[in-house]
Amino acid sequence: MIRVPDGPGGPFPTRGTPAAFGTGPLSRAAALIHTLVTVQALLLLTTAPGLAGLLLLGPDPSNLPLAALCLLPVGPAACAAVYALYHRSRDLADLHPARAFRRGWRLNAVPALKLWTPLLGWLTLIAFTLTHFTATGLPRWWAALLAVTGAGALLWGAHALLITSLFAFRARDTARLAAWFLLRHGRTTLAAASLTFLAAAFTAWLTEALPALLAAPLLLSLLHAGRPVIAETEREFTG
């Protein structure tokens with residue numbers, strides 16, 4: 001079952017016909033900025049308890065399970081943000097990003113948690129193992145294998161995020177589609193990898209808060225890169 005209606009935005013005005021208010025280039029840019037700012041604010045609001053908890057936790061690896069609990073709200077909030085960004089209006093006179101975000105959160109909170117919770121648990125287990133790797137007695141190539149597995153899980157999660165946000169599939173079907181698209185749409189996977197690296201670089205070199213403050217633009221970039229995944233899902237797997 002599909003959740004996405006026809007793509008947002010109306011037809012272009014014919015030549016010689018003056019554009020309606022709110023449909024010009026500057027208006028569309030203002031509409032985009034307004035949507036990004038609103039979605040970003042709602043993202044921070046819905047994840048505020050978890051983000052506050054992360055700020056209180058120290059960098060000790062023993063806090064990784066608690067950090068994972070703090071990150072649980074991120075999954076539903078990210079899905080709601082992608083939903084709102086997909087359904088954004090280009091018309092400055094017809095903007096309802098907050099309404100779209102609330103609807104996306106209501107539709108996607110439970111489906112998102114069904115996938116986000118095990119993914120977060122798996123990533124936490126990998127991170128905990130890597131930070132205590134010397135105590136495991138495993139050969140070093142195991143560390144590289146775990147790192148690659150964790151990176152693959154993150155990229156799978158990016159595909160699952162797009163599908164969960166916009167389509168109403170069972171969790172296991174979403175998981176299979178995300179795995180299928182991981183290799184089938186290499187450009188989307190590469191874009192997700194680039195955005196993940198960018199967020200990690202912001203965290204490591206600047207501040208941990210920067211990825212959270214830029215979450216809406218990063219999700220919009222992922223949504224733009226994921227258009228082939230969205231189009232094929234709608235064409236091949238929905239009625």
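Out of segment 92-137, which residues are in a loop (DSSP other than H, G, I, E, B) and either surrounded by fewer than 14 Cβ atoms within 10 Å (Cβ to Cβ) or in contact (Cβ under 8 Å) with a residue 12 or more places away in the chain (or both)?
92, 93, 94, 95, 132, 137
Here are 158, 179, 143, 151: which of them is part of a helix (DSSP H, G or I), more than 15 Å from residue 79 (Cα to Cα) and touching a residue at least 24 places away in the same chain (Cβ under 8 Å)?
Exactly one of 158, 179, 143, 151 is part of a helix (DSSP H, G or I), more than 15 Å from residue 79 (Cα to Cα) and touching a residue at least 24 places away in the same chain (Cβ under 8 Å), namely 151.
Just one of (1) modelled with pLDDT of 90 or more; (2) over 26 Å from residue 231 (Cα atoms); (3) part of a helix (DSSP H, G or I) trips up residue 72, so point out which.
For residue 72, the exception is condition (3).
Go through segment 191-239 residue by residue and tally those that are without any contact (Cβ under 8 Å) to a residue 24 or more places away in the chain, assigned to a helix (DSSP H, G or I) and polar (S, T, N, Q).
2
Can you confirm whether segment 86-107 contains a residue that is among the polar types (S, T, N, Q) and within 26 Å of residue 171 (Cβ to Cβ)?
No, segment 86-107 contains no residue that is among the polar types (S, T, N, Q) and within 26 Å of residue 171 (Cβ to Cβ).
Residue 202 passes all but one of (1) modelled with pLDDT under 90; (2) over 19 Å from residue 74 (Cα atoms); which number fails?
With (1) modelled with pLDDT under 90; (2) over 19 Å from residue 74 (Cα atoms) applied to residue 202, the lone miss is (2).
Identify the single condition in (1) crowded, with 18+ Cβ neighbours inside 10 Å; (2) assigned to a helix (DSSP H, G or I); (3) touching a residue at least 40 places away in the same chain (Cβ under 8 Å) that residue 65 does not satisfy, given that it satisfies every other one.
(1)
For segment 167-190, which residues satisfy the criterion of being touching a His at 6+ places or on another chain (Cβ under 8 Å) and of a type in the set (S, T, N, Q)?
Matches in segment 167-190: 188, 189.
The values are calculated or read from the model by the stated rules, or taken from the named source; none is laboratory data. Here the structure is a predicted model, which is why all the values come from computation and not from measurement. For neighbour counting, all protein chains shown are included, and Cβ atoms are generated from backbone atoms with ideal geometry for every residue, glycine included.
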